Amino acid sequence: MLELGAENTSPADADLIKDVGEATFMQDVVEASRETPVIVDFWAPWCGPCKTLGPMLEAAVTAAGGRVKMAKIDVDQNQRLVQMLAQQGLPMQSIPTVVAFHNGQIADMFQGALPQSELTAFVDRVAALGGDGGLSEAIEAAEAMLAEGAASDAAQTFAAILGEDASNAAAYGGLIRAHLALNDLENAQQFLDGAPAELAETPEVEAARAQLELARQAADAGPVAELRSAVEANPDDMQTRLDLAQALHAAGDVSDAIDELLEMFRRDREWNDGAAKAQLFTIFDALKPEDPLVLSGRRRLSSMIFA
């Protein structure tokens with residue numbers, strides 16, 4: 001299993017939002033921004049707009065899931081620090097002033113209040129400066145584990161990624177697929193049923209959903225040879241053709257399964273509420289969009305539909 005520590009340490013476990021003063025400014029803002037972007041909120045207790053902006057900014061930073069930190073500086077309590085920053089060119093004539101630091105430098109800023117939509121966009125923009133903390137590399141590693149048959153390690157790695165970024169669709173779909181590879185259909189179904197609303201219809205989770213459906217079909221698949229003989233004896237038996245296509249897919253012969261379903265569609269596209277087309281889409285969804293079998297299958301299906 002890939003450990004998401006050391007090089008992939010998430011700031012989620014640290015204090016995302018803290019009060020900072022002159023004594024800790026270098027450590028908690030300048031140096032910290034070399035690891036994770038830091039948004040500094042310069043405020044004062046008497047500042048009306050600050051009272052509105054501050055909580056909104058804190059909520060947006062929290063929602064960023066550790067990709068950005070926030071430092072709150074009371075300008076009344078830290079006048080010397082404010083003067084030093086002003087001497088270095090930071091405009092401090094009015095508050096609220098919000099400044100983003102990245103790699104020890106000022107990266108972005110604004111003054112005055114902003115509507116929630118613009119504030120969220122600002123935080124997202126700043127968070128993007130720090131990348132994803134190595135999560136992309138972790139996902140690639142987990143996918144490699146899955147491809148090499150180390151499904152248990154892959155599942156643990158995908159779960160660790162979700163622990164740092166609960167809205168990561170690639171990791172969520174990967175976790176379901178890892179359980180499928182372990183033949184743990186029950187847990188795969190539970191994760192699928194429990195998918196957060198914002199992830200439930202993402203391509204990654206839809207692909208896992210399709211793979212789970214195909215896995216359930218595989219468990220009930222009949223013998224390919226017998227089904228093929230039955231189809232040859234009665235070519236118009238659509239149910240047997242569908243059973244054959246499912247058995248072929250279960251046996252790993254995806255190309256022949258697609259061929260069989262396309263032949264079904266050619267013979268009777270309306271049979272069983274369009275079952276052939278539905279099964280084709282399930283197979284296509286389970287594969288990568290750029291897979292040659294998907295591209296060819298969709299092209300052949302379209303030619304039949306629009307013939």
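Does the stretch 264-286 hold any residues that are within 21 Å of residue 218 (Cβ to Cβ) and either of a type in the set (Phe, Trp, Tyr) or in contact with a Pro (Cβ under 9 Å, 6 or more places away or on another chain) (or both), and which are they?
Initially, the stretch 264-286 is screened for residues within 21 Å of residue 218 (Cβ to Cβ), giving 264, 272, 275-286.
Scanning the stretch 264-286 gives 281, 284, 285.
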Inset, instruction - Considering each residue of the stretch 23-57, count those that are acidic (Asp, Glu) and in a helix (DSSP H, G or I), and give that number. - result: 2
Inset, instruction - Name every residue in the stretch 194-215 that is acidic (Asp, Glu) and in a loop (DSSP other than H, G, I, E, B), in order of residue number. - result: 201
Inset, instruction - Please work out if residue 141 is surrounded by 20 or more Cβ atoms within 10 Å (Cβ to Cβ) and touching a helix residue (DSSP H, G or I) at 6+ places or on another chain (Cβ under 7 Å). - result: no
Inset, instruction - Kindly indicate whether residue 270 is surrounded by fewer than 17 Cβ atoms within 10 Å (Cβ to Cβ) and without any contact (Cβ under 8 Å) to a residue 12 or more places away in the chain. - result: yes
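Look at residue 191 and say whether it is of a type in the set (Phe, Trp, Tyr), part of a helix (DSSP H, G or I), more than 13 Å from the chain's Cα centre (by Cα) and not assigned by TED's automatic domain parsing to the domain that holds residue 252.
Spelling it out, residue 191 is indeed of a type in the set (Phe, Trp, Tyr), part of a helix (DSSP H, G or I), more than 13 Å from the chain's Cα centre (by Cα) and not assigned by TED's automatic domain parsing to the domain that holds residue 252.
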Legend entry - the stretch 240-256, residues that are surrounded by 15 or more Cβ atoms within 10 Å (Cβ to Cβ) and hydrophobic (A, V, I, L, M, F, W, C): 242, 244, 245, 247, 248, 250, 254
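Every residue, every condition in (1) without any contact (Cβ under 8 Å) to a residue 60 or more places away in the chain; (2) in a helix (DSSP H, G or I); (3) crowded, with 17+ Cβ neighbours inside 10 Å, yes or no:
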{"site": "118", "(1), (2), (3)": "yes, yes, no"}
{"site": "127", "(1), (2), (3)": "no, yes, yes"}
{"site": "131", "(1), (2), (3)": "yes, no, no"}
{"site": "145", "(1), (2), (3)": "no, yes, yes"}
Legend entry - Pick from the stretch 195-239, criterion over 36 Å from the mean Cα position of the chain (by Cα) and hydrophobic (A, V, I, L, M, F, W, C), ranking: surrounded by the most Cβ atoms within 10 Å (Cβ to Cβ): 227
Inset, instruction - Search the stretch 83-95 for residues that are not assigned by TED's automatic domain parsing to the domain that holds residue 22 and pair each with any residue that is surrounded by 11 or more Cβ atoms within 10 Å (Cβ to Cβ) and in a helix (DSSP H, G or I) when their beta-carbon atoms are under 9 Å apart and the residues are at least 6 apart or on different chains. - result: none
Inset, instruction - Determine the pairs where a residue that is in the same structural domain as residue 274 (by TED's automatic domain parsing), located within the stretch 230-255, has a partner that is part of a loop (DSSP other than H, G, I, E, B) and crowded, with 20+ Cβ neighbours inside 10 Å with Cβ atoms under 9 Å apart, the partner being 6 or more residues away or on another chain. - result: none
Inset, instruction - Test residue 165 against the criterion of being surrounded by fewer than 18 Cβ atoms within 10 Å (Cβ to Cβ) and not basic (Lys, Arg), and give yes or no. - result: no
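The values are calculated or read from the model by the stated rules, or taken from the named source; none is laboratory data. No experiment lies behind these values; they were computed from the predicted model shown. Heads up, the Cβs are rebuilt from the backbone with ideal geometry, glycines too, and the neighbour counts pull from every protein chain shown.
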